[in-house]
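One structure below.
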Amino acid sequence: MMIDKDLAARLKSYRNFKHLTQKDVAAYLKVPHSAISDIENEKTSLTERNARSICREFNVDYFWLTEGTGE
């Protein structure tokens, strides 16, 4: 799977907007802190499961997070 640099930037900007640390997001998603760090630092792709979990847990629009469309 190709790493989406824009998605990584959207995740990081949303997290910063909500004043959440990578550890906060990781705890909500029940994943290691390194998973969020690796996504934001473009070392790995966001999985479909984690994308849906982020959208559910933080009330984020799925298409905004994954494609940059919508709100």
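The values are calculated or read from the model by the stated rules, or taken from the named source; none is laboratory data. Keep in mind the model is a prediction, meaning the values are calculated, not measured. Cβ: placed from backbone, ideal geometry, glycine included. Neighbour counts: every protein chain shown. Just so you know, the surface numbers come from the protein's heavy atoms only, side chains and all, with ligands and any DNA or RNA stripped out. Shrake-Rupley method; radii C 1.70, N 1.55, O 1.52, S 1.80 Å.
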Result of the Cβ filter at 6 Å on the range 28-54, keeping first residues that are assigned to a loop (DSSP other than H, G, I, E, B) and partners that are not aliphatic (A, V, I, L, M), at least 6 apart or interchain, is E42/K5; T44/D38
Which numbered condition in (1) modelled with pLDDT under 90; (2) touching a Gly at 6+ places or on another chain (Cβ under 9 Å) is the only one that D61 fails? (1)
Those residues of the range 27-67 which are over 19 Å from D4 (Cβ atoms) and open to solvent by less than 80 Å² (accessible area, probe 1.4 Å) amount to A27, H33
Would you point out which residue out of L7, L11, L20 is surrounded by 13 or more Cβ atoms within 10 Å (Cβ to Cβ) and part of a loop (DSSP other than H, G, I, E, B)? L20
